Every structure is written in structure tokens, then in C-alpha cells.
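Here's the structure we're looking at; comments come further down.
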Amino acid sequence: MEISHEINILSLQETPEEKSHDFNPKTFDDYLGQKELKEKLAVYTQAAKMRGEPLDHLLLFGPPGLGKTTLSQIMAHVMGVGIKICSGPMMERTGDLVAILSSLDPKDILFIDEIHRMPTNVEEVLYSAMEHFRVDIIIGQGAGAKSINLPIHPFTLVGATTKSGMISAPLRSRFGITERLDFYSDDELCQIIMQSAAFLSFSITPSASLTIAGCARGTPRIAKKLLRRVRDFAQVSNHAVTDDASVIQALAFLGIDAEGLTKVDMLLLQKIVEHFNGGPVGLETLASLIGEDKETIETVYEPFLMRKGYLEKTPRGRQIPPKKLPWLKKRFLGQDCLF
């Protein structure tokens, strides 16, 4: 491994102290949802703190927007250590990672988002760093090159990924803790919305919060984004307290129906109904028809549509389940279909 004389250090993000437009939990009690995972992490962090050791390396995986970064910040806060946040795709050279690792204080947390997209040569630097808390670097070139063993402070690596299957076996085996984040229930999202609304000094009824929760695709990030847009709509409309009617108006303005389907969701279903009579249809064909790439369809739209029962995968492609097809044909084609 070579390290250049001019190291391009990533823009590192320390634990944010400034006020943001979202509520940022500082303790596990403030963090709503993911009850079982939260209890496990509370035990792990407390035990490590009692021993005066760094937390074991942790791999968090699951869909985007569920709170992987927030949980890492909470663990750092509970243990009283620093946290540095960076992204796997941004680490193009081994020197970038070496510079970050050498700047860590004892027991600090290094959070790497989208760790599965880290280049292989950079990933290999992590192996000895995670196991032995040292990195091997080569200075110079050719016959004059020499290897230096650089010790680093004991630290905790928290890797976050939306595609755990793409993480190499050698890297995965070095994580002592591996946990998955699941989608949130509507009730959990309702609590998060009420919590965020209180932080924003925004009055909203519990029923209206539950309506937003039902459109948030099981994801807190989307729930908070919808809440901010509903607040914009309520402010312009001079609504002192936001109720169900106001939320429904705001969601319709945003192009979201009562079940949380967006215009793109409906377009995707419409193309399957109009062009393929409900399917099956290949993913590449579907991507071409709606003007989205395959990965976006797979990661953004399909999971929600499948959980709602509007879409299913088959060996021949995507199709609309028979129970939903009559209703969708009536909506898109004006046809009454009996099966």
C-alpha cells in the first residue's frame, strides 16, 4: 500500500452541536422505535464503558433513512467519546483512510456510511486496523521504498450499509456485532412525528400525525420530511392547528395519496397495467418506461409497493397481484374486472 505525500483528507463531520431543523436524539430513551436493537446497543455500550474499552466493531444494515447514523451518534454520546463520520465512496485512496485513522483519539467511533462501496484497496487497510490497531504504509517508490508500521489508538468502526450482501467476507468477519434495522410501524412513526413537531413548535393532532405516518414508507427520514412540508402548507394556509383535513390537503398538494403512493409509484403501476395487463414485466423494461434507473426502482419504490401488496416479484419479472389488479384496472383504464 502506498501513501502519497499530499493526503486528501475527507471532510469529517464531528458530532453536531448546532441546532438543526430535525430533532437529534442524544440518548437511547429519546430515540423512538427499533426497541430490541436499542436495548442491545444500550447493553453493549454500557458494558464497554464499564470496562474502559472501545465498543466492539459494529455493522448496521438496512434500508436508508432508518437511523443508522443517529444510533452511532447516540452511542458516542453515551460513551463520552468522539465520532467522525465519512462515506465509503469518498475514500478513493488508502492515504485518505490512514489519515482519518491516525487522527482518532482512544475509543473514538469512526462511522463509515455505505461501507460496501469502499474501494477494495482502501478496505484492505481496515483489516489490520480493526484487529491489531495498526496500519502498514509504504513510503517512497522503487528500490528506496520502505514499509512502516503505524500504530493507531484503539477505536470502534461502525459500518452502515443498505446492501449487506455486497460486503466482502473478510471485512464482514471482523465485525463483532452485526445488527439489522427494520422498517418502523405507523404507531412508531406517529410518535416520532409528534416528537419532531414539538421540537419545531408546530401544533399537529395525533390523528393527523398518524395520517402522515401512513404515508412515510416506514421510514423516519421520510416522515420528518413530510412533516416539514405539511408545516409549510399549514403556515401559508394560516392553520393554527394542523388536523386530518389539513394534512390530506397538503399531501394531495405534494402528489401523495391516502395510502402514501407518490406519482412515480402510480406511474409504475399504471405502466404495468396499461402495457402488460398487470405483468409480468422485466425490471429493465419497466425502468425504461418510467424513466428511472433499475437501482432506484429496486431500492426506493419496490419495497414499499411490495409491503403494500401492489407489486410482487416472480421468476419472469414484476407483476401486480391478482387481488389488486381489478382495482388498478378500474382506476387507470376505467374497466370493471372480475376474477
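The values are calculated or read from the model by the stated rules, or taken from the named source; none is laboratory data. This is a predicted model, so every value here is computed, not measured. So basically every Cβ, Gly included, is an ideal-geometry build from the backbone, and we count neighbours across all protein chains shown.
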query = Within the bounds of the stretch 70-91, is there any residue that is part of a loop (DSSP other than H, G, I, E, B), of a type outside the set (Ser, Thr, Tyr), modelled with pLDDT under 90 and farther than 17 Å from Phe155 by Cα?
reply = yes
request  = Being in a loop (DSSP other than H, G, I, E, B) and either in contact with a helix residue (DSSP H, G or I) (Cβ under 7 Å, 6 or more places away or on another chain) or among the basic types (Lys, Arg) (or both) is the filter here, so list the residues in the stretch 171-185 that pass it.
outcome  = Arg174, Leu181, Tyr184
Residue match in the stretch 253-265 (condition: in a helix (DSSP H, G or I), modelled with pLDDT of 85 or more and over 23 Å from the mean Cα position of the chain (by Cα)) = yes
request  = Considering every residue within the stretch 93-113, establish whether at least one is out of contact with any His (no Cβ under 8 Å at 6 or more places or on another chain), in a loop (DSSP other than H, G, I, E, B) and among the hydrophobic types (A, V, I, L, M, F, W, C).
outcome  = no
message = Can you report the number of residues in the stretch 307-317 which are surrounded by fewer than 16 Cβ atoms within 10 Å (Cβ to Cβ) and more than 15 Å from Leu328 (Cβ to Cβ)?
response = 5
note = Within the stretch 211-223, residues being buried (at least 24 other Cβ atoms within 10 Å of the Cβ), touching a residue at least 40 places away in the same chain (Cβ under 8 Å) and in a helix (DSSP H, G or I) number 2
inquiry  = When you check Val273 against the structure, is it loosely packed, with under 13 Cβ neighbours inside 10 Å and either touching a helix residue (DSSP H, G or I) at 6+ places or on another chain (Cβ under 6 Å) or in the same structural domain as Phe202 (by TED's automatic domain parsing) (or both), yes or no?
reply    = no
Residue tally, condition farther than 17 Å from Leu110 by Cα, touching a residue at least 12 places away in the same chain (Cβ under 8 Å) and of a type in the set (S, T, N, Q), over the stretch 153-210 = 11
message = Just the residues that are within 22 Å of Lys224 (Cβ to Cβ) and among the charged types (D, E, K, R), please, taken from the stretch 236-291.
response = Asp243, Asp244, Asp257, Glu259, Lys263, Asp265
